[in-house]
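The values are calculated or read from the model by the stated rules, or taken from the named source; none is laboratory data. Every value quoted in this text rests on a predicted model; they were computed, and no experiment measured them. Here the Cβ positions follow ideal geometry from the backbone for every residue, glycine too, while neighbour counts run over all protein chains shown.
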Amino acid sequence: MLQVDLRELARGAVETRADLPANDPLFEGLDVVLTDPVRVAGRLQAAGEGRFYWHGSLGTRMAGQCRRCLAAVSVPVEATIDALFSHDPDALEDPSSYALAPEAIEIDLRPAVREELLLAVPRWVVCREDCRGLCPRCGKDLNAGPCDCPPAVDSRWRGLAALKDKLRD
Ligand SMILES: [Zn+2]
Ligand SMILES: [Zn+2]
């Protein structure tokens, strides 16, 4: 249940819990391939005049691609959420603050779930910490063994070497 009636909140904190399917319209356009339902839990409570504080968490998994070897990987996406919902526009400078319309009769946590999920998505992933990646020259997956390319450049300089190759071309 991610829409909470303000009258219910007036009586005390409300537990929030929901499993949103990976294909829920809420996640449309996020450019993230979710493979598991999004589990949301938390507690919403009043925090002063016209302000409500939601402490919660979300968890799911997404399909990603190793940045080094391009293998498909399944990546956990987890986040702790501290969000403030407020009628007061001055309170909305914090990125985890959400506006409540003056005439609102409920708090809809779903936009916050969408936003916090997006923030929690890793910018890039690797299949494992020591993934050796693809040879920048022949494209061979170096996790399967060395390729036949001449002199192995120290891996720390691989990016620089690739750049040099590019500039030379
Ligand atoms: Zn990899
Ligand atoms: Zn090679």
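Residue check, GLY50 against (1) surrounded by fewer than 17 Cβ atoms within 10 Å (Cβ to Cβ); (2) of a type in the set (Gly, Ala, Ser); (3) in contact (Cβ under 8 Å) with a residue 60 or more places away in the chain, all met but one. Which one?
(3)
Within segment 55-89, restricting attention to residues that are within 16 Å of ligand 1 (Cβ to nearest atom) and polar (S, T, N, Q), which residue is surrounded by the most Cβ atoms within 10 Å (Cβ to Cβ)?
Among those that are within 16 Å of ligand 1 (Cβ to nearest atom) and polar (S, T, N, Q), it is GLN65.
Please verify whether PRO102 is under 17 Å from the mean Cα position of the chain (by Cα) and surrounded by fewer than 16 Cβ atoms within 10 Å (Cβ to Cβ), treating the condition exactly as stated.
Spelling it out, it is not the case that PRO102 is under 17 Å from the mean Cα position of the chain (by Cα) and surrounded by fewer than 16 Cβ atoms within 10 Å (Cβ to Cβ).
Kindly establish whether ASP36 is in a strand (DSSP E or B) and in contact with a Ser or Thr (Cβ under 8 Å, 6 or more places away or on another chain).
Criteria not met by ASP36.
Restricting to segment 118-163, and then to whatever is among the aliphatic types (A, V, I, L, M) and in contact with a helix residue (DSSP H, G or I) (Cβ under 7 Å, 6 or more places away or on another chain), can you tell me which residue is modelled with the lowest pLDDT?
Within segment 118-163, the match that is modelled with the lowest pLDDT is VAL153.
Only residues that are farther than 28 Å from ASP169 by Cα and part of a loop (DSSP other than H, G, I, E, B): list them for segment 121-143, please.
Result: VAL121, PRO122, ARG123, VAL126, CYS127, ARG128, GLU129, ASP130.
Of the conditions (1) of a type outside the set (Lys, Arg); (2) free of Cβ contacts under 8 Å to residues at least 24 places away in the same chain; (3) assigned to a helix (DSSP H, G or I); (4) not assigned by TED's automatic domain parsing to the domain that holds ALA79, ASP148 fails just one. Which one is it?
Every condition holds for ASP148 apart from (3).
Would you check if there is a residue in segment 111-122 being surrounded by fewer than 17 Cβ atoms within 10 Å (Cβ to Cβ), among the hydrophobic types (A, V, I, L, M, F, W, C) and away from ligand 1 (no atom under 16 Å from the Cβ)?
Scanning segment 111-122, I find at least one residue that is surrounded by fewer than 17 Cβ atoms within 10 Å (Cβ to Cβ), among the hydrophobic types (A, V, I, L, M, F, W, C) and away from ligand 1 (no atom under 16 Å from the Cβ), so the answer is yes.
Suppose the filter is within 26 Å of SER86 (Cα to Cα) and at pLDDT below 95; does ALA10 pass it?
The answer is yes for ALA10.
What pairs can you find where one residue is in segment 53-73 and over 10 Å from CYS131 (Cα atoms) and more than 16 Å from ligand 2 (Cβ to nearest atom), the other is assigned to a strand (DSSP E or B) and among the charged types (D, E, K, R), and their Cβ atoms are less than 6 Å apart, with a gap of 6+ or different chains?
Close Cβ pairs (under 6 Å, with a partner that is assigned to a strand (DSSP E or B) and among the charged types (D, E, K, R)) amount to HIS55/ARG43; HIS55/ASP82; GLY59/ARG39; GLY59/GLU78.
Hey, can you tell me all the residues within segment 1-32 that are surrounded by fewer than 12 Cβ atoms within 10 Å (Cβ to Cβ) and closer than 19 Å to VAL121 by Cβ?
Selection gives ASN23, PRO25, GLU28, GLY29, ASP31.
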